[in-house]
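Asker: Handing you a structure now.
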Amino acid sequence: MTQKIALLGFGVVGQGLAEILQDKGESLHSELGFDAKIVAISDVMKGSLYHPEGLDISQVLQVVKETGKLESYPETPGLIRGWDSFKTILESNADTIVEITFTDVKTGQPAIDHCKTAFESKKNVVMSNKGPVSLAYQELAELAKKNNVRWGFEGTVMSGTPALKMPLVSLAGNNIFEVRGILNGTTNYILTKMEEGLSYKDALIEAQALGYAEADPTSDVEGYDSQYKATILANVVMNIPMKREEVECEGISHLTQQDIQWAKSEGKRWKLIAKCKKDGDKVIAKVGPEAIPLTDPLAGVLGAQNAITYNCDLAGPITLIGAGAGRKETGFSILIDLINISRGQL
């Protein structure tokens, strides 16, 4: 059965997903039996389109590339323009809402309200926005369950690297008593460059020039991005209700070349580590810089890569390394969840 999709937001991630569906649609159908049709797109800046029979992905991508807007998409019988995100959720024939709007990570809005509206309308939601999962996991998970719909958010921790699917599926049956990870590529890149001799300031400037760091890098360098992700891991992987403010947080902006050289002399390397550790029936979670031994698998993760280690009672330590961001990678994280919804496995 064809899965009908509505995209809320059509920036880098939405376009990445559309490109994947365009380029791999035939192979996804023949190899996995997966069919998806984009019936709606609603973007605050680019405009909106809805057609119950589906939009022409190649034309959508072409007009956005050429004009940055959806208004140049050709008129066809049955096409509707101008719906906002909530009307798209409520009145389109989409089965699944892909929530990839620009969302305030401090409030989780408008994505939290998009989720609530979709669930109450008996529609699945897939997202890469970490705010709603970090801030309202328990409430939204219960609402999705109550309405017998699926909620996918694989891309919220390590983009297309399956940091949630692996422990929940492949490591099922283990007691995962500790999770430790490098969950922010920006800070990992800065620390790698500092080890090569750059000052913190110069490493940050280089990261910004390459697009790894925002003009305002506070969320990354002060550890807040990793703090949100640690909260998700505590709630989802360890099944312990936890709020973001319960996760102790420290960034890397105070580290100096003197700190870097001291770690080198000790056979260690600085990393911004997010970790969750079980302590009886609760979890202690924190984010902060640690000088870890070079023998630690996380120590070998350089540049903008991410990595995570699950310490399991049966399987022992399992480390997963991969990209934590990127157009195609995050688009793929959405695809993971869409495929699993179609399989009835999410």
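The values are calculated or read from the model by the stated rules, or taken from the named source; none is laboratory data. Bear in mind that the values here come from a model prediction, so they are computed numbers and not experimental data. Cβ placement follows ideal geometry from the backbone for every residue including glycine, while neighbour counts extend to all protein chains displayed. These accessible areas exclude ligands, DNA and RNA; they are computed on the full protein's heavy atoms, side chains included. Shrake-Rupley method; radii C 1.70, N 1.55, O 1.52, S 1.80 Å.
Asker: Somewhere in region 229-239, is a residue hydroxyl-bearing (Ser, Thr, Tyr), surrounded by 17 or more Cβ atoms within 10 Å (Cβ to Cβ) and closer than 19 Å to Val12 by Cα? Steps first, please.
Answerer: Residues of region 229-239 that are hydroxyl-bearing (Ser, Thr, Tyr), as a first pass: 231.
This time we only want the ones that are surrounded by 17 or more Cβ atoms within 10 Å (Cβ to Cβ), so: 231.
Keeping just the survivors that are closer than 19 Å to Val12 by Cα gives none.
No - not one qualifying residue is present in region 229-239.
Asker: Does region 183-192 include one or more residues that are within 21 Å of Gly131 (Cβ to Cβ) and of a type in the set (Gly, Ala, Ser)? First the steps, then the outcome.
Answerer: At the first step, the residues of region 183-192 found to be within 21 Å of Gly131 (Cβ to Cβ) are 183-187.
Of the ones still in play, those that are also of a type in the set (Gly, Ala, Ser) are 185.
Yes: one or more hits.
Asker: Let me ask something else. Please find, within region 280-305, the residue that is surrounded by the fewest Cβ atoms within 10 Å (Cβ to Cβ) out of those that are assigned to a helix (DSSP H, G or I) and of a type in the set (A, V, I, L, M, F, W, C). Walk me through how you get there before you give the answer.
Answerer: Filtering region 280-305 down to residues assigned to a helix (DSSP H, G or I) leaves 297-300.
In the following step, the residues that additionally are of a type in the set (A, V, I, L, M, F, W, C) were identified as 298-299.
Values: Leu298: 21, Ala299: 19.
Only one residue fits best here, namely Ala299.
The rows are residues; the columns are (1) closer than 18 Å to Leu302 by Cβ; (2) touching a residue at least 12 places away in the same chain (Cβ under 8 Å); (3) not in a helix (DSSP H, G or I).
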position	(1), (2), (3)
Ala215	no, no, yes
Asp220	yes, yes, no
Ala230	no, yes, no
Glu245	no, no, no
Gly251	no, yes, yes
Gln258	no, no, no
Lys278	no, yes, yes
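Asker: Next question. Can you name the residue in region 69-103 that is open to solvent by less than 30 Å² (accessible area, probe 1.4 Å) and small (Gly, Ala, Ser) and is also nearest to Ser342 (Cα to Cα) among such residues?
Answerer: To start, the set of residues in region 69-103 that are open to solvent by less than 30 Å² (accessible area, probe 1.4 Å) comprises 70, 73, 79, 85, 88-89, 92, 94, 96-101, 103.
With small (Gly, Ala, Ser) added as a condition, the list becomes 85, 92, 94.
On the way: Ser85: 23, Ser92: 19, Ala94: 14 Å.
So the residue we want is Ala94.
Asker: Among the residues of region 103-142, write down those that are of a type outside the set (Gly, Ala, Ser) and part of a loop (DSSP other than H, G, I, E, B).
Answerer: Going through region 103-142, the residues of a type outside the set (Gly, Ala, Ser) turn out to be 103-107, 109-110, 112-117, 119-120, 122-127, 129-130, 132-133, 135, 137-140, 142.
Matches in region 103-142: Thr103, Val105, Lys106, Thr107, Pro110, Lys122, Lys123, Asn129.
Asker: Something else about it: Against the condition at pLDDT 95 or above and within 17 Å of Ser333 (Cβ to Cβ), how does Ala111 come out, does it pass?
Answerer: On the way: at pLDDT 95 or above: yes; within 17 Å of Ser333 (Cβ to Cβ): yes.
In short, yes.
Asker: Next up: Conditions: (1) among the small types (Gly, Ala, Ser); (2) in contact with a helix residue (DSSP H, G or I) (Cβ under 6 Å, 6 or more places away or on another chain); (3) open to solvent by 30 Å² or more (accessible area, probe 1.4 Å). Ala40 meets all but one. Number of the miss?
Answerer: Tallying (1) among the small types (Gly, Ala, Ser); (2) in contact with a helix residue (DSSP H, G or I) (Cβ under 6 Å, 6 or more places away or on another chain); (3) open to solvent by 30 Å² or more (accessible area, probe 1.4 Å), Ala40 fails exactly one: (3).
Asker: While we're here: Please work out if Phe10 is open to solvent by less than 20 Å² (accessible area, probe 1.4 Å), under 15 Å from Thr88 (Cα atoms), part of a loop (DSSP other than H, G, I, E, B) and not small (Gly, Ala, Ser).
Answerer: yes
Asker: Can I ask one more? Restricting the search to region 113-160, which residues are touching a Leu at 6+ places or on another chain (Cβ under 8 Å), aromatic (Phe, Trp, Tyr) and open to solvent by 10 Å² or more (accessible area, probe 1.4 Å)?
Answerer: Trp151, Phe153, listed by residue number.
Asker: Still on this structure: Report, by residue number, each residue of region 265-277 that is surrounded by 12 or more Cβ atoms within 10 Å (Cβ to Cβ) and over 24 Å from the mean Cα position of the chain (by Cα).
Answerer: Listed by number, the residues that qualify are Lys268, Arg269, Trp270.
Asker: Would you check which residues across region 306-316 are surrounded by fewer than 23 Cβ atoms within 10 Å (Cβ to Cβ) and touching a residue at least 24 places away in the same chain (Cβ under 8 Å) and list them? Let's see the steps before the verdict.
Answerer: Quick first cut of region 306-316, residues surrounded by fewer than 23 Cβ atoms within 10 Å (Cβ to Cβ) only: 309, 311-316.
Thr309, Asn311, Cys312, Asp313, Leu314, Ala315 - these are the residues of region 306-316 that are surrounded by fewer than 23 Cβ atoms within 10 Å (Cβ to Cβ) and touching a residue at least 24 places away in the same chain (Cβ under 8 Å).
Asker: Something else about it: One residue is enough: does region 175-184 have a residue meeting the conditions touching a residue at least 40 places away in the same chain (Cβ under 8 Å), assigned to a helix (DSSP H, G or I) and not small (Gly, Ala, Ser)?
Answerer: No.
Asker: Could you run through region 173-207 and say how many residues are more than 21 Å from Val157 (Cβ to Cβ) and either crowded, with 21+ Cβ neighbours inside 10 Å or touching a helix residue (DSSP H, G or I) at 6+ places or on another chain (Cβ under 9 Å) (or both)?
Answerer: 12
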